[in-house]
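This report refers to the structure that appears directly beneath it.
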Amino acid sequence: MGLRIVMLGAPGAGKGTQAVRIAQRLQVPHISTGDIFRAHLKEGTEIGREVQQYLDAGRLVPDELTCTIVADRLQDPDCRNGYVLDGFPRSLPQAEALTKLLEERGGRIDMAININVPDEEIVERLTARRSCSECGKIFNMKFSPSANGDRCDAPGCHGMLERRTDDAEDTIRERLRVYHETTEPIIGYYDNQGILRTVPAAQTGPDGVFKKVEELLESAGAA
């Protein structure tokens with residue numbers, strides 16, 4: 001059995017980027033609840049229709065439904081040798097439900113990796129984020145700007161770079177407030193289990209962060 005990993009960190013800390021790299025490094029699935037939701041919505045499944053009702057009402061998908069969806073995904077054959085969970089759990093009840101679910105199947109989370117970036121740096125990062133209006137490529141005007149100024153530099157694309165509405169400073173600070181209130185308690189939960197590993201990522205690019213992550217993986221016996 002390979003490593004079963006949960007990724008933690010505030011919005012904009014870069015946990016999604018690291019989750020993808022870890023999954024590639026370990027050759028296990030990268031499981032994002034957002035991706036699962038989108039797949040169900042696209043396929044028009046019963047779960048997808050239920051998720052759509054909550055989205056249409058501007059409400060969060062309830063913990064019970066989210067846990068059911070993740071539990072279903074973890075039963076797929078490609079998860080037998082480990083996986084990286086990204087975007088789940090998002091609350092303490094979800095973390096507790098995941099522990100119970102895995103215990104019932106004779107398993108457990110092996111490591112929770114917390115990508116730690118100070119709030120002010122996250123605000124600075126996200127307010128500088130831009131996306132191409134045509135191909136969707138993401139840029140950061142501070143750390144990884146486009147070679148074409150305010151236009152996309154992807155081959156064959158000349159779309160204008162735009163800032164997402166949820167990357168406005170007030171919105172970012174509200175997302176951070178919700179994170180500290182709702183999601184941050186999970187850090188203590190996994191720390192109490194002895195499986196939390198915190199990666200300091202202030203003023204560090206994705207490559208530098210991944211070097212630290214690789215050291216954790218190697219210490220855990222990853223090949």
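The values are calculated or read from the model by the stated rules, or taken from the named source; none is laboratory data. Bear in mind that the values here come from a model prediction, so they are computed numbers and not experimental data. With ideal geometry, Cβ positions are generated from the backbone for all residues, glycine too; neighbour counts draw on all protein chains shown. What goes into the accessible areas is simple: the full protein's heavy atoms, side chains included, and nothing from ligands, DNA or RNA. Shrake-Rupley method; radii C 1.70, N 1.55, O 1.52, S 1.80 Å.
In region 165-187, the residues that are more than 17 Å from Val123 (Cα to Cα) reach residues that are assigned to a helix (DSSP H, G or I) and open to solvent by less than 50 Å² (accessible area, probe 1.4 Å) with C-beta atoms within less than 7 angstrom, at least six apart or across chains, in these pairs: Ile186/Ala95. Considering region 79-93, and only residues there that are out of contact with any Phe, Trp or Tyr (no Cβ under 8 Å at 6 or more places or on another chain) and over 14 Å from Ser32 (Cβ atoms), the residue that is most open to solvent (accessible area, probe 1.4 Å) turns out to be Arg80. For region 210-223, indicate whether the set of residues that are buried (at least 17 other Cβ atoms within 10 Å of the Cβ) and either free of Cβ contacts under 8 Å to residues at least 40 places away in the same chain or farther than 30 Å from Glu96 by Cβ (or both) is non-empty. The answer is yes, given that some residue of region 210-223 is buried (at least 17 other Cβ atoms within 10 Å of the Cβ) and either free of Cβ contacts under 8 Å to residues at least 40 places away in the same chain or farther than 30 Å from Glu96 by Cβ (or both). Show the residue pairs that are 6+ apart or on different chains and have beta-carbon atoms under 8 Å apart, the first residue being within region 9-36 and closer than 19 Å to Pro206 by Cβ and of a type in the set (S, T, N, Q), the second being open to solvent by 30 Å² or more (accessible area, probe 1.4 Å) and assigned to a helix (DSSP H, G or I). Pairs found: Thr17/Pro206; Gln18/Pro206.
Checked against the criteria, Glu124 counts as over 22 Å from Pro185 (Cβ atoms) and either of a type in the set (Val, Ile, Thr) or in a helix (DSSP H, G or I) (or both). Just to verify a result, which residue in region 19-47, among those that are of a type in the set (Gly, Ala, Ser), at pLDDT 90 or above and assigned to a helix (DSSP H, G or I), is farthest from Leu3 (Cα to Cα)? Going through the qualifying residues, I end up with Ala19.
Within region 194-209, count every residue that is among the polar types (S, T, N, Q) and surrounded by 13 or more Cβ atoms within 10 Å (Cβ to Cβ). Walk me through how you get there before you give the answer.
First, pick out the residues of region 194-209 that are among the polar types (S, T, N, Q): 198, 203-204.
Filter once more, keeping what is surrounded by 13 or more Cβ atoms within 10 Å (Cβ to Cβ): 198, 204.
The total comes to 2.
Being assigned to a loop (DSSP other than H, G, I, E, B), in contact with a strand residue (DSSP E or B) (Cβ under 6 Å, 6 or more places away or on another chain) and either open to solvent by 80 Å² or more (accessible area, probe 1.4 Å) or modelled with pLDDT of 95 or more (or both): is that true of Ile109 here? Judged against the criteria, Ile109 is a match.
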